[in-house]
Amino acid sequence: MKINKKMIFGVVVIVFIIYINYEFKQRNIITLENLDYYRDYLINFVQHYWISSIMIYALVYILVIVLALPGVAVMTFTGGVLFPLKYAFIIVVFASTIGAIINFITSRYFLQDFFERTFRKSIQKINSKIEIGGFKNLLILRTIPIFPYSVVNFALAVSDLSLVEFIIVTVIGKIPGSLIIIYAGSNMAEVDSMRDMATPEMILAITLLLGFIMLPIIYKLKGKKNKSI
């Protein structure tokens, strides 16, 4: 297998991402517990430095996605805590899309040759599912929160999907889950601590999120059942 500079750089990036992920998991940086502990300080900072807060939050969100760090859902939840729902929604969709685009472009440019040679059969399966299921399968892949956000970015980057199609699927797929998680976060801003979050609004948000996760799975199982009849 011929090794070029792009492939070497790609491998170095992967090793760096794995190391950063390990450090983050060891230190438990982006967690709900830390959010609860620093919540009052963060809210006060946002109130005094509105524009700077938006820029810092968006930048951190992008870095979490680009480096494939654990905590995308916590970052989305944090947006609901710190900002009004409509602003949090816009910032989250914008930042997550920018981060996804960076993942997509860097993976396609530096790692596509390596992945195509190493995981040829897996990539062929991804491409065949995209061709057969089209937009529907892409949305299911993007919207189900059980798949790590950055992993989906990397997987789609080595497929035959164009950048424009990737952006459209990313934006549409990010909207439902983000709204639910941001709505849940907005309820935390109104209580004294996470222990007091068992409100009807929070229960509704959790129910909607679980239903949202299950909906594509149920739809897919129903499709298989119809084919077998």
Item to check | Spin-label pair Asp40/Ile14, simplified geometry with 7 Å Cα→Cβ offset, distance in nm | outcome: 4.7
Next on the checklist: With the crude spin-label approximation of a point 7 Å out along Cα→Cβ, what separation in nm comes out for Tyr109 versus Glu165?
Outcome noted: 2.2
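Every read-out reported here was derived from the displayed coordinates using simple, explicitly stated rules and does not represent laboratory data. Quick caveat: nothing in here was measured; it's all calculated off a predicted structure. Neighbour counts are summed over all protein chains in view; Cβ atoms, including those assigned to glycine, are modelled from backbone coordinates with ideal geometry.
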